[in-house]
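One structure is given below, encoded as structure tokens.
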There are 2 protein chains.
Amino acid sequence: MDQLKLANQICFPVYAASRLIIREYQPHLDKIGITYPQYLVLLVLWENDGMAVNDIAHKLILNTNTVTPLLKRMETLGLVSRIRSEEDERKVIVRLTAKGSEMKVEAAHIPFSLMADISPDELKMEELLAMKNKLEEWIEFLKRKG
Amino acid sequence: MDQLKLANQICFPVYAASRLIIREYQPHLDKIGITYPQYLVLLVLWENDGMAVNDIAHKLILNTNTVTPLLKRMETLGLVSRIRSEEDERKVIVRLTAKGSEMKVEAAHIPFSLMADISPDELKMEELLAMKNKLEEWIEFLKRKG
DNA sequence: TATATTTGTATCGTGCACGATATAATGAAA
DNA sequence: TTTCATTATATCGTGCACGATACAAATATA
């Protein structure tokens, strides 16, 4: 094997898998009218409502200049409210609306449907979990050095 | 266990890792003036010059409506030529220009630099290779069903 | 041969994703 | 308290990424 190309060989599969997985999410998310990044924001807020823009960006490892317009679109959809904090007027606090909260019920089936969609018989659950753990280890490293 | 928690999602680490890795490529690619998807197209053409748009898209698991404008930008940069095939006038054959070919020399160091950047001591080479193999197995499954 | 279907590429619109930059609020230092 | 650096968010421009759609060339079918 050509060791020189190891980096390319390891990085392309991550990039390709990411897009393929998001493609699998899409039909499920279409039914409730949101995108994958919007779904991620909802996951974060369902777990801890009322976060600042920066905290959401940090959770999702995204830049704030990606998250700000994303949240504006979600505000237009009626999923969240964006209200400037009174204690610190630099911060904008993002809260779920009733619609945004209630969408959790509609989305409850998605992780289960997804696992059925994306988990091949050849790849056992333990293998996926092992890969998840290795990726998270890797992400922590990349975040520290970035 | 709450399935709707970010930490419990298997797909988010793949999505996040993909972006973090591309961020690591960026400074290296900036030096030669291309983006990560453009670099992938060059990798494909360096290996097999003179491919149709569709074949490049298939190799990169991208839609042609992503690849067409990508190739047009690369044509503007003087990296490739796009010439309609004479045997089959539906096809557009993409070939490296002299500049595109020669860029292989400038890019030769990137896989080395990248491995130094992205490979933490905690994650051994064999573990990265094992993850690569699992991801490729997964990708094959997702491609088949998509 | 005429018609229908498939194939290959391109166009359009929307939504990320991010570097560069701007701006106001906060906090620290002189 | 004035000045300076930092923090939090927003704006702008460029480049993907993809669904929907269009269209011409090639192929299959009647």
Checklist entry - What whole number of Å gives the distance from the Cα centroid of region A:26-93 to the Cα centroid of region B:2-36? => result 19
Next on the checklist: Using only the Cα atoms of chain A, what are the Rg and Dmax in Å?
Outcome noted: 17.8, 59
Item to check | Degrees, to the nearest 10: A:98-107 long Cα axis against longest axis of chain A | outcome: 30
Checklist entry - With r defined as the distance between the Cβ atoms of A:Glu137 and B:Ser85 and R0 fixed at 45 Å, what FRET efficiency is calculated, to the nearest 0.05? => result 0.45
Checklist outcome for this item: Per the rotation taking chain A to chain B, min distance Cβ-to-axis on chain A (residue, whole Å) equals A:Ser18, 2
Next on the checklist: Using a 10 angstrom Cβ neighbour count of at most 13 plus a DSSP loop assignment to flag exposed trypsin sites (Lys or Arg not before Pro), which longest range of chain A is free of such sites?
Outcome noted: A:1-89
Checklist entry - Which value, in square angstrom to the nearest 100, describes the accessible area buried between chains B and A on both sides, using a 1.4 angstrom probe? => result 6000
Next on the checklist: Test of understanding: given chain B, find the longest segment containing no GluC sites (Glu not before Pro) that are in a DSSP loop and have at most 13 other Cβ atoms within 10 Å.
Outcome noted: B:1-85
Checklist outcome for this item: Net charge near B:Thr64 (other residues with Cβ under 14 Å of its Cβ; Lys, Arg +1; Asp, Glu -1) is +4
Item to check | Helix axis angle, B:125-145 relative to chain B longest principal axis, alpha carbon, degrees | outcome: 70
Checklist outcome for this item: Under a Gaussian network model of chain B whose springs join Cα atoms within less than 10 Å, the largest fluctuation of B:Leu60, B:Leu114, B:Leu128 belongs to B:Leu128
Checklist outcome for this item: Residue-normalised 222 nm signal for the protein assembly as shown, counting each DSSP H run of n ≥ 4 as -39,500 (n - 2.57), nearest 500 deg cm²/dmol, is -21500 deg cm²/dmol
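Quick one: putting +1 on the C-beta of Lys and Arg, -1 on the C-beta of Asp and Glu, what dipole do you get for chain B around its Cα centre, in Debye to the nearest 20?
Dipole magnitude for chain B comes out near 500 debye.
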Item to check | Estimated inter-spin distance, A:Asp121 and A:Asn54, nm [label 7 Å along Cα→Cβ] | outcome: 5.2
Item to check | Cα long-axis angle, helix B:11-32 against chain B (0 to 90 degrees, to the nearest 10) | outcome: 50
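What number, in percent, do you get for the relative contact order of chain B if the mean sequence gap of Cα pairs under 8 Å and at least 6 apart is divided by its residue count? Let's see the in-between values first.
Working: 100 pairs, mean separation 28.0, N = 146.
That works out to 19 percent.
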Checklist entry - Hey, if you put +1 on the Cβ of every Lys and Arg and -1 on every Asp and Glu Cβ in the protein assembly as shown, which of B:Tyr25, A:Ile61, B:Val53 ends up farthest toward the positive end of that dipole? => result B:Val53
Checklist entry - Placing +1 at every Lys and Arg Cβ and -1 at every Asp and Glu Cβ, with all other atoms neutral, what dipole size does the protein assembly as shown have around its Cα centre, in debye to the nearest 20? => result 820
Next on the checklist: Which one, A:Val80, B:Leu135, A:Ile10, projects farthest toward the positive side of the charge dipole computed for the protein assembly as shown from Cβ point charges (K/R +1, D/E -1)?
Outcome noted: A:Val80
Next on the checklist: How far, in nm to one decimal, is A:Ser81 from itself in the other copies if the label point is set 7 angstrom along Cα toward Cβ? Shortest first, please.
Outcome noted: 6.3
Checklist entry - How many nanometers, to one decimal and shortest first, lie between the label point of B:Ile32 and those of its other copies, if labels sit 7 Å from Cα toward Cβ? => result 4.3
Checklist outcome for this item: With one decimal in nm and the nearest listed first, the spacings from A:Ser113 to its own position in the other copies, using label points 7 Å along Cα-to-Cβ, are 4.4
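The values are calculated or read from the model by the stated rules, or taken from the named source; none is laboratory data. These numbers come from a predicted model, not from an experiment. Note that we place each Cβ from the backbone using ideal geometry, even for glycine, and neighbour counts take in every protein chain shown. Surface areas here come from the heavy atoms of the whole protein model, side chains and all, with no ligands, DNA or RNA. Shrake-Rupley method; radii C 1.70, N 1.55, O 1.52, S 1.80 Å.
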